[in-house]
Each structure stands twice: as C-alpha cells, then as structure tokens.
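Nothing in this text is a laboratory measurement; each read-out follows from the coordinates by a stated rule. Just so it is clear, the structure is predicted and the values come from calculations on it, not from any experiment. Neighbour counts run over all protein chains shown; Cβ positions are idealised from the backbone, glycine included.
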Amino acid sequence: MSTFSAPKGTYDLIPPESETFLAVREAIAAPLRRAGYGYIETPGFEHTELFARGVGESTDIVTKEMYTLTTKGGTELALRPEGTASVLRAALQRNLHRGALPVKLWYSGSYYRYERPQAGRYRHFSQVGAEALGAEDPALDAELIVLAVDAYRSLGLRDFRLLLNSLGDKECRPVYRAVLQDFLRGLGLDEETRRRIDINPLRVLDDKREEVQKQLDGAPMMRDHLCDACREYHEQVRSLLADAGVEFTDDPKLVRGLDYYTRTTFEFVHDGLGSQSAVGGGGRYDGLSEMIGGPALPSVGWALGVDRTVLALKAEGVEIEVPARTEVFAVPLGEEARRALFSVVTELRRAGVAADFAFGGKGMKNAMKSANRSGARYAVVAGERDLAEGQVQLKDLDSGDQNPVALESVVTTIKEKLQ
C-alpha cells in the first residue's frame with residue numbers, strides 16, 4: 001500500500017533542520033519585541049474580498065496565485081497569501097486604532113500561493129512580519145528597516161543588500177501614472193502586459209522578463225515626479241538610515257508585487273539565491289485601511305521570508321547555534337532504576353535542564369548509543385547496586401569520565417556542571 005506524500009510545492013520541517021527555522025524566527029522577532037511590538041495571530045484564511053481589495057485585483061497574487069474555496073454556506077474564502085491585510089483587518093475589527101498610535105504588531109506564520117515550485121519559492125512558506133499602524137512618520141519607516149537589518153546581522157548574515165524607493169502618494173502618483181501609461185503604450189508588449197497598463201502600470205516595471213526590461217530602458221521614473229512632500233519624506237528616511245549605519249541602494253524601478261504600497265518601498269535581496277533573490281521587503285501603505293473599509297490609517301510594515309533567510313545563511317556558510325535539545329540522558333538498568341531516574345529526569349526538566357530518558361527497556365549498550373546520538377553532555381546511569389548505595393553514575397559523554405553522585409544531589413550537581 002502506498003503512503004501519502006506532502007503536496008507538491010510544500011515541505012515538512014523536521015529535526016534537526018526545524019531547529020534552525022525556529023532560531024531564525026526568534027532572531028527576527030527579538031529586535032521587534034525590544035522595540036515595543038506586540039504579537040498578533042490571525043486565521044489561516046480570510047474572506048477572498050479582503051485580499052482582492054487590499055493586495056490588488058491586478059496582481060499575480062490575486063489573479064493567479066491565491067488558493068480559494070467556497071464554504072457549504074456559499075462564503076468565498078482564501079488561504080492567506082500575505083500577512084498585512086489580515087493584520088490590518090484584525091486591528092480594525094478589534095478597534096486597536098482607537099487607542100494609542102502607532103499600533104505596533106509582529107506576527108509569524110505560514111502563507112500560501114499557487115506558484116511554480118523551485119528553490120526558494122514554495123506554495124507553502126513561512127514569514128515573520130511587522131506592522132506599525134496609524135502614524136505617518138519617516139522615523140517609523142526607518143525604525144522598521146533598521147530592525148530588519150539588525151535581525152539579519154544578529155543571525156550572522158552579511159551579504160544581503162537593501163534596495164530603496166519611493167512610490168509617491170495620492171497627490172503625485174496619478175501624474176506619474178499618466179506619463180508612464182503614455183510611455184508603455186508605445187512599446188511592443190504582449191497582450192496580458194498591455195492590460196496592466198490601464199489597471200496598474202507600475203506593475204509593468206516589476207516584470208522580471210528580460211525582453212520586457214530591455215523595452216523599459218528610458219522609462220519615466222517615479223523619483224522624477226515626486227511632489228515636494230514625498231521627496232522631503234523620502235530624504236528623511238534615507239538620512240535616518242544613513243545615521244543608523246544602514247547601507248542601501250536607490251532602485252527607481254522597485255515596485256514589489258502588491259498594489260497597496262505608497263511612499264517608502266524597500267526590498268532585501270541576497271545574490272546567493274539565484275533568480276529568487278528577495279529575502280524580504282515591505283513599505284508604507286497609507287491608503288490600505290480605506291481600501292478595506294476602515295478609516296484613514298497611515299501605516300508601514302514588512303515581511304521577511306524564513307525559508308529564504310535559511311537558504312541565504314546556507315549560501316554564506318553560516319551555522320546557526322541552536323540550544324541543545326538534550327543536555328542530560330538517563331540510562332536506567334532495571335525496573336527500580338527506571339522509576340528512580342524517571343523522577344530525576346522530571347526534576348531536571350522542572351529545574352530548566354533539557355533531559356531525556358532511555359525509553360523502551362533498552363539494554364546498556366543500546367541505551368548508551370541513544371545517549372550519544374541525543375547530543376547530551378552527560379548521561380545518568382543507575383542499576384540496582386547503585387540505588388542500594390544511594391547513588392547514580394554521572395558520565396561525561398565528551399571526555400568519557402564517570403563518577404558516582406549521591407542520588408539526592410544529582411540534580412544540583414548537574415546544574416552546577418552545566419553552568
């Protein structure tokens with residue numbers, strides 16, 4: 001009988017690799033917590049219309065990549081393809097915006113897009129994201145970028161680059177949009193790309209095909225059409241980043257694949273990942289709240305890909321130090337020793353020591369093999385003679401040294417040695 005396999009384009013995280021993923025998530029979250037961001041968790045699916053309005057009906061995400069379903073009651077739902085729209089929906093629904101602003105939130109979870117599977121691009125993927133809702137302040141944009149940079153650096157990642165752009169606002173972007181549309185209509189673009197000219201011409205700039213990029217030489221750029229307010233705002237972001245020691249590259253063609261961005265837009269890329277070079281990104285989305293039926297709520301945020309960050313670390317040869325899953329392994333010899341060492345293991349765990357046990361009634365040889373495979377530093381071995389003398393044997397699995405320790409003081413002794 002055949003067994004089941006994970007669906008195409010998905011993956012299972014299992015030890016020890018899963019420990020690296022956990023370490024990456026925790027490293028990304030740590031700077032956010034220090035900066036006052038609170039954790040939020042939203043459902044894995046939302047009303048389809050939330051993403052159609054927020055992400056944009058002309059985007060590939062909505063038109064080609066969303067997993068959608070219809071419930072028995074006729075409700076149209078979609079597995080979340082990104083996190084921002086869901087977080088903003090939750091904040092509005094729970095009236096977080098009626099309190100102190102900005103509302104600063106971070107989240108971690110799985111997201112889903114129907115794409116052609118390849119290295120660094122999956123149909124199920126993991127992200128850590130952060131959103132700051134309700135304030136229009138270049139310092140907030142800079143703060144989020146700095147926090148992402150600090151997270152990458154804390155992991156030991158060095159060969160990433162920050163691309164930066166401004167997409168203007170509702171005052172200056174319509175003028176640029178019209179100029180760009182006139183330019184694009186004069187190109188020999190395919191029919192599907194030409195349809196984007198009327199819906200969202202900026203998305204054409206984001207086209208990755210080489211034949212399209214060649215035609216875009218000489219295309220008008222947003223930076224040349226920014227209003228004074230947007231230009232000043234962007235210069236403040238750039239200045240704050242420079243003051244914080246964050247290097248960046250101005251990229252006038254940077255659009256990203258979501259329609260809700262305004263003003264600050266940024267992307268982190270890593271050249272060791274091949275064609276899927278983006279490891280994270282984000283930007284300001286001052287009009288998204290109104291798009292999904294809320295009040296005006298200027299906001300900014302980002303999402304960093306956990307999967308791609310792990311691939312980037314591998315490309316640089318960076319080994320992530322993860323806490324030992326097992327520090328002490330108990331090896332009982334006989335039923336009386338099983339009961340005694342089970343109590344020792346329980347006490348060690350309650351004292352904050354990672355401990356495991358030779359389950360299954362293994363003999364001494366097999367139990368010690370399990371102890372060595374566990375990665376533990378110490379093994380606690382006991383048989384009937386040891387217990388009769390009120391002691392256990394404490395073995396250093398690195399050096400091989402073994403010494404008797406009083407049963408009543410074994411937990412204290414192990415804690416002292418581990419410190």
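Name every cysteine in the chain that ends up alone, with no second cysteine's Cβ under 4.7 Å, or say none.
By the Cβ distance rule, which asks for a partner under 4.7 Å, the isolated cysteines are CYS230.
Distances longer than 19 Å among the Cα atoms of region 1-91: what percent of all pairs is that?
Looking at region 1-91, the distances longer than 19 Å represent 60 percent of pairs.
Just in region 341-419: which GluC sites (Glu not before Pro) are loop by DSSP and have at most 14 other Cβ atoms within 10 Å? Intermediate values should be presented prior to the final figure.
Details: sites: GLU347, GLU384, GLU389, GLU408, GLU416; in loops: GLU389.
Here the GluC sites (Glu not before Pro) that fit, given the DSSP loop and packing criteria, are GLU389.
Just in region 306-413: which trypsin sites (Lys or Arg not before Pro) are loop by DSSP and have at most 14 other Cβ atoms within 10 Å? Don't jump to the answer; show the numbers that get you there.
Numbers: sites: ARG308, LYS314, ARG325, ARG338, ARG339, ARG349, ARG350, LYS362, LYS365, LYS369, ARG373, ARG377, ARG385, LYS395; in loops: ARG325, LYS362, ARG377.
Qualifying residues, ordered by number: ARG325.
State log₁₀ I(q)/I(0) for region 270-378 at q = 0.23 Å⁻¹ as given by the Debye formula over alpha-carbon point scatterers of equal weight, solvent excluded.
Values returned for q = 0.23 Å⁻¹ are -1.13.
Can you grab the distance from the C-alpha centre of region 340-367 to the C-alpha centre of region 85-134, Å, no decimals?
Centre-to-centre distance over Cα atoms comes out at 41 Å.
Can you list the lysines whose alpha carbon is less than 27 Å from that of LYS365, not counting same-chain residues fewer than 8 positions off?
LYS395, LYS415, LYS417
With a/c under 1.5 counting as rounded, go ahead and sort region 322-419 into rounded, prolate or oblate using the C-alpha gyration tensor (a ≥ b ≥ c being the square roots of the eigenvalues; past the cut-off, prolate if a/b is larger than b/c, else oblate). Each step should come with its number before you reach the end.
Details: a/c = 1.41, a/b = 1.15, b/c = 1.22.
Since a/c stays below 1.5, the shape of region 322-419 is classed as rounded.
Quickly work out the LEU216-to-GLU17 label distance, labels modelled 7 Å from Cα along the C-beta direction, and quote it in nm with one decimal.
Each label point is offset 7 Å from its Cα along the Cβ direction, giving 3.3 nm.
Between TYR112, TYR67, TYR378, find the one with the highest GNM mean-square fluctuation for the chain; connect C-alpha pairs within less than 10 Å.
Sorting by GNM fluctuation, first place goes to TYR378.
Full-extension gain between GLU49 and VAL322, please, as 0.36 nm times their residue separation minus the C-alpha to C-alpha distance.
On the way: separation 273, 0.36 × 273 = 98.28 nm, distance 4.09 nm.
Net length gain for the segment: 94.2 nm.
Looking only at region 317-419, where both bridge partners belong to it, what percent of the DSSP beta bridges are antiparallel (to the nearest 5)? Walk me through the numbers on the way to the answer.
Details: 9 of 17 bridges.
Roughly 55 percent of the beta bridges in region 317-419 run antiparallel, per DSSP.
By its C-alpha gyration tensor, with a ≥ b ≥ c as the square roots of the eigenvalues, how is region 201-255 shaped: rounded for a/c under 1.5, else prolate for a/b larger than b/c, else oblate? All intermediate terms of the calculation are to be shown ahead of the outcome.
Details: a/c = 3.36, a/b = 1.77, b/c = 1.90.
Oblate.
When N is the residue count of region 140-261, what does its C-alpha Rg come to as a fraction of 2.2 N^0.38 Å?
Numbers: Rg = 16.3 Å, N = 122, 2.2 N^0.38 = 13.7 Å.
With N residues counted in region 140-261, Rg over 2.2 N^0.38 Å equals 1.19.
Quick one: what are the phi-derived ³J(HN,Hα) couplings along region 27-40, Karplus 6.51/-1.76/1.60 with θ = phi - 60°, whole Hz, x for glycine and proline?
Whole-Hz 3J(HN,Hα) from phi for region 27-40: 5, 5, 6, 4, x, 5, 4, 5, 9, x, 8, x, 7, 10.
In a GNM of the chain with a 10 Å cut-off on Cα contacts, which of ASP271, ASP224, ASP159 has the highest mean-square fluctuation?
ASP224
Can you give the relative contact order of the chain as a percent, counting alpha carbon pairs under 8 Å and 6+ residues apart? Don't skip to the answer; put the middle values down first.
On the way: 706 pairs, mean separation 64.9, N = 419.
Averaging sequence separation for qualifying contacts and normalising by length gives 15 percent for the chain.
Taking region 126-209, which GluC sites (Glu not before Pro) meet the DSSP loop condition and have no more than 12 other C-beta atoms within 10 Å?
Working: sites: GLU131, GLU136, GLU143, GLU171, GLU191, GLU192; in loops: GLU136, GLU171.
Listed in order of number, the matching sites are GLU171.
Report Rg(Cα)/(2.2 N^0.38 Å) for the chain, keeping two decimals.
Normalised Rg, Cα atoms only: 1.25.
Hey, what do the phi angles of region 273-289 turn into as Karplus ³J(HN,Hα) couplings, whole Hz, using 6.51/-1.76/1.60 and θ = phi - 60°, x for Gly and Pro?
Computed from phi, the couplings for region 273-289 are 9, x, 5, 8, 7, 6, 10, x, x, x, x, 8, 9, 5, x, 5, 4 Hz.
Under the rule a/c < 1.5 gives rounded, and otherwise a/b versus b/c splits prolate from oblate, where does region 270-327 land using the Cα gyration tensor?
Numbers: a/c = 4.68, a/b = 2.00, b/c = 2.34.
Note, shape of region 270-327 comes out oblate.
Can you list residues from other chains, or at least 5 along the same chain, whose modelled amide H is less than 5 Å from the amide H of PHE329?
ASP356, TYR378, ALA379, VAL380
Of ALA351, PRO323, LEU407, which is farthest along the charge dipole of region 286-419 in the positive direction, counting Lys and Arg as +1 and Asp and Glu as -1 at C-beta?
Positive-most Cα among the choices belongs to LEU407.
How big is the antiparallel share of DSSP beta bridges in the chain, given as a percent to the nearest 5? Spell out each step's value before the answer.
Details: 51 of 63 bridges.
For the chain, the DSSP antiparallel bridge percentage is about 80.
Round to the nearest 0.05 the FRET efficiency obtained for TYR67 and GLU290 when R0 = 30 Å and r is the Cβ-Cβ distance.
Numbers: r = 27 Å, r/R0 = 0.89.
The pair TYR67/GLU290 has a calculated efficiency of 0.65.
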